[in-house]
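Chemist: One structure is given below, represented as structure tokens, and several questions about it will come after.
The values are calculated or read from the model by the stated rules, or taken from the named source; none is laboratory data. Quick caveat: nothing in here was measured; it's all calculated off a predicted structure. Every residue, glycine as well, gets a Cβ built from its backbone with ideal geometry; the counts of neighbours run over all protein chains shown. Quick note on the areas: whole protein, heavy atoms, side chains included, nothing else; ligands and nucleic acids left out. Shrake-Rupley method; radii C 1.70, N 1.55, O 1.52, S 1.80 Å.
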Amino acid sequence: MRIKLLAFVFGFGLGTGLLAGPAMATPARDTPWLPEAAAYRLTLFLGNLTPVPWDELGRAWEEPYRGSEYTQGALDWLAGQSSLPTEPLTAAIAREDRAAVFGAATRLVSARIDEELDAALAAESPAAAQQAVRTARELYRAIEDHLAAADPEAARALGRAWLELSSATGSTGVLGAGATEPDLNAMATARVVVSDYLAANYRVADFAPRTALTAVPETIALSGRTVTLPATLPPGSDIFDQDPLPLLVLGFEEQGIDETDLPLIAYGDMLFDSPEIFGGPAREIGIACSTCHNRSDINQRFFIPGASHQPGAVDVDGAFFNPMFNDRRADPIDIPSLRGLRFTGPYGRDGRFASIRDFTRNVIVNEFAGAEPTPFMLDALVAYMTEFDFLPNAMLTGDGRLTEAAPEAAQRGAAIFNQPFDGLNGKSCASCHVPDGNFLDRQAHDIGSVTPAYEGSRGGALDTPTLLGTVYTAPYFHDGSMPTLAAVVNWFDTTKSLGLSESERADLTAYLEIVGAADEPYEDFDTENTPFRLAFAELTTFASTLDTLLPRRDAQHILLLTDTVAADLAADAGTMANLVARPEIYSLAERLAAVGAAVRADDWDAAEASWVAFQSEAQAIEERAF
């Protein structure tokens, strides 16, 4: 299970776009956005979802985007920074007129760039001119990547104009020495290049109808030319691993078996961390199984506007990942833990899949638009995921009984947990969360937590979740609507008329917190066990499956491995604190890429030679401990 390090810029609209080559499962931190630029990119992203989430699109302009460094939303920010009217935009949003919103938002951002360039030319000091140009350039970022993809020649000319603008603003020097005045003629000339292009492409009175809302220049859109744009995430997205990182418990490791001796499991481990098995935007932005399920658990920080209603949730059958699978319902679910997966079937929140294999195929093909996985890929993924174990808990026996180490409140709570209640039709909490069955009954029940979709609907039954490890998986319920275990207890007490006293609710909560606890829930990093060393060990373990695949001449699965692991090795090299050793990791990535290149050329001797060289270099690096 890979640890994600720095590799991939996922900010929507960066001028550099996406990194070339295979997708990587490691995101890099986004540069902060100006409020109106962020709102514009959110408008494009949300406006391309079907149906358009209009409430959320309105909030994109009214509130700061999630994680913003600014305390104001775009509309309030503009009220204090600009003289431009925002009424055309807000009126279009109120009418839910998608085309009008696009036109008004595009014209507004373009006009803001010109407004700042006006300020730069009118500035009374080099410092003020420089600040205005920087602001204009940051606003230009909102359209830059789409412009570059659609009109690369113009993008280069505009890039030169921005450089000229920056260098012509003058300088205050150092303590007054070396000060230079702005070159207003040079600034005006460069400004014309930028403003004329904006006027022709982003300030037009009526934009041509667009199926997809993009920042592609209007002249290119009118030409009918096909433009391939990078799949990107909007401001406010977060696909980083949670911190602290969950501890991964694998059955074979606990029994002292090395993963390199289990090639099917090792290959499944690699697939679990590979965006290459998905299709569409998930693959391009670097999402893998492990993005949502950090080290078999959950990712409490995962968030994509329009697909997540809160961190740790995602609508996997919405419009973004696979339009073919779009159910046109806003129904994001709380990301479930995969710990103890082999014990927790059936699978899916409503238990619709009897087998892990069927569930996994649905995730790859339907939820994330991947190609049909081979039988070997499914075998490998299932073999790996069925090794996921629950976290050890010294206060709980294997058959679900509390040990003497459990506090008295939890002991009292255990009695309540096993007590029948009239409000539960004579059943107890333990009737569904069976202690000696890993605290579940492998059935689906309608407890009333799902709002009926229509009168007479029977779609509220949900699979009983385990209670093991739940202290670390908040929030709770399928939609994450319960923030704490205490809130869960209060909900049942209220909705099922259990009649619990305040102390009984506290005792029952204490019991749930002990059942859901663990001895060591998180990865313990130190000077010896660093994130890079863990990542390096896992990547080289993935590569070890070449010992099995190369003799079989299994080109398809070799290339899937080399494309995934070589890219991640190169990406992780950039995170190393040991700069001296960094070239060695890059070299190792090149060796693995050479294996893939040789396989593509059907040169198996060269592939074997590159693999031998990789093994030799990897061993030398491990012996030196980086």
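Chemist: List every residue pair whose Cβ atoms sit under 9 Å apart, with the two residues 6 or more apart in sequence or on different chains, where the first one lies in region 306-317 and is more than 15 Å from LEU42 (Cα to Cα) and the second, anywhere, is open to solvent by 30 Å² or more (accessible area, probe 1.4 Å) and polar (S, T, N, Q).
Modeler: PRO311/GLN300; GLY312/GLN300; VAL316/ASN366; ASP317/ASN326; ASP317/ASN366
Chemist: Could you grab me the full set of residues in region 232-253 that are surrounded by fewer than 16 Cβ atoms within 10 Å (Cβ to Cβ) and outside any helix (DSSP H, G or I)?
Modeler: ASP243, PRO244
Chemist: Could you pull out the residue among THR540, THR548 that is assigned to a helix (DSSP H, G or I) and over 23 Å from PRO375 (Cα atoms)?
Modeler: THR540
Chemist: Could you say which residue among LEU539, LEU579, LEU560, LEU546 is touching a residue at least 60 places away in the same chain (Cβ under 8 Å) and open to solvent by 20 Å² or more (accessible area, probe 1.4 Å)?
Modeler: LEU560
Here is a yes/no grid of residues against (1) open to solvent by 40 Å² or more (accessible area, probe 1.4 Å); (2) in contact (Cβ under 8 Å) with a residue 12 or more places away in the chain:
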position: PHE439; (1), (2): no, yes
position: THR451; (1), (2): yes, no
position: GLY456; (1), (2): yes, no
position: LEU468; (1), (2): no, yes
position: SER481; (1), (2): yes, yes
position: THR494; (1), (2): yes, no
position: SER503; (1), (2): yes, no
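Chemist: Please verify whether region 565-575 includes one or more residues that are more than 30 Å from GLU284 (Cβ to Cβ) and either free of Cβ contacts under 8 Å to residues at least 12 places away in the same chain or part of a helix (DSSP H, G or I) (or both).
Modeler: no
Chemist: Going by the conditions given, is ARG591 over 24 Å from the mean Cα position of the chain (by Cα) and charged (D, E, K, R)?
Modeler: Spelling it out, ARG591 is indeed over 24 Å from the mean Cα position of the chain (by Cα) and charged (D, E, K, R).
Chemist: Sticking with this structure for a sec: Answer with yes or no whether ALA570 is buried (at least 16 other Cβ atoms within 10 Å of the Cβ) and more than 18 Å from ALA618 (Cβ to Cβ).
Modeler: no
Chemist: Please count how many residues of region 192-208 are among the charged types (D, E, K, R) and part of a helix (DSSP H, G or I).
Modeler: Adding up the residues that qualify gives 1.
Chemist: Does region 255-271 contain at least one residue that is exposed (fewer than 12 other Cβ atoms within 10 Å of the Cβ) and not assigned by TED's automatic domain parsing to the domain that holds SER337?
Modeler: The answer is no; no qualifying residue exists.
Chemist: Only one residue in GLU124, GLU138 is open to solvent by 50 Å² or more (accessible area, probe 1.4 Å) and outside any helix (DSSP H, G or I), so which one is that?
Modeler: Among GLU124, GLU138, only GLU124 is open to solvent by 50 Å² or more (accessible area, probe 1.4 Å) and outside any helix (DSSP H, G or I).
Chemist: Another question, if that's okay. List every residue pair whose Cβ atoms sit under 7 Å apart, with the two residues 6 or more apart in sequence or on different chains, where the first one lies in region 123-137 and is over 17 Å from ARG112 (Cα atoms) and the second, anywhere, is open to solvent by 50 Å² or more (accessible area, probe 1.4 Å) and not aliphatic (A, V, I, L, M).
Modeler: What qualifies is PRO126/THR172; ALA127/THR172.
Chemist: Mind counting the residues in region 200-217 that are loosely packed, with under 14 Cβ neighbours inside 10 Å and touching a residue at least 40 places away in the same chain (Cβ under 8 Å)?
Modeler: 3
Chemist: Just for region 254-292: of the residues that are in contact with a helix residue (DSSP H, G or I) (Cβ under 8 Å, 6 or more places away or on another chain) and part of a loop (DSSP other than H, G, I, E, B), which one is farthest from PHE320 (Cα to Cα)?
Modeler: LEU262
Chemist: Still on this model: Would you check if LEU338 is of a type in the set (A, V, I, L, M, F, W, C), under 24 Å from the mean Cα position of the chain (by Cα) and not in a helix (DSSP H, G or I)?
Modeler: Spelling it out, LEU338 is indeed of a type in the set (A, V, I, L, M, F, W, C), under 24 Å from the mean Cα position of the chain (by Cα) and not in a helix (DSSP H, G or I).
Chemist: Does ASP379 satisfy the condition of being assigned to a loop (DSSP other than H, G, I, E, B), open to solvent by less than 70 Å² (accessible area, probe 1.4 Å) and among the charged types (D, E, K, R)?
Modeler: no
Chemist: What about MET385, is it farther than 24 Å from VAL450 by Cα and open to solvent by 40 Å² or more (accessible area, probe 1.4 Å)?
Modeler: It is false that MET385 is farther than 24 Å from VAL450 by Cα and open to solvent by 40 Å² or more (accessible area, probe 1.4 Å).
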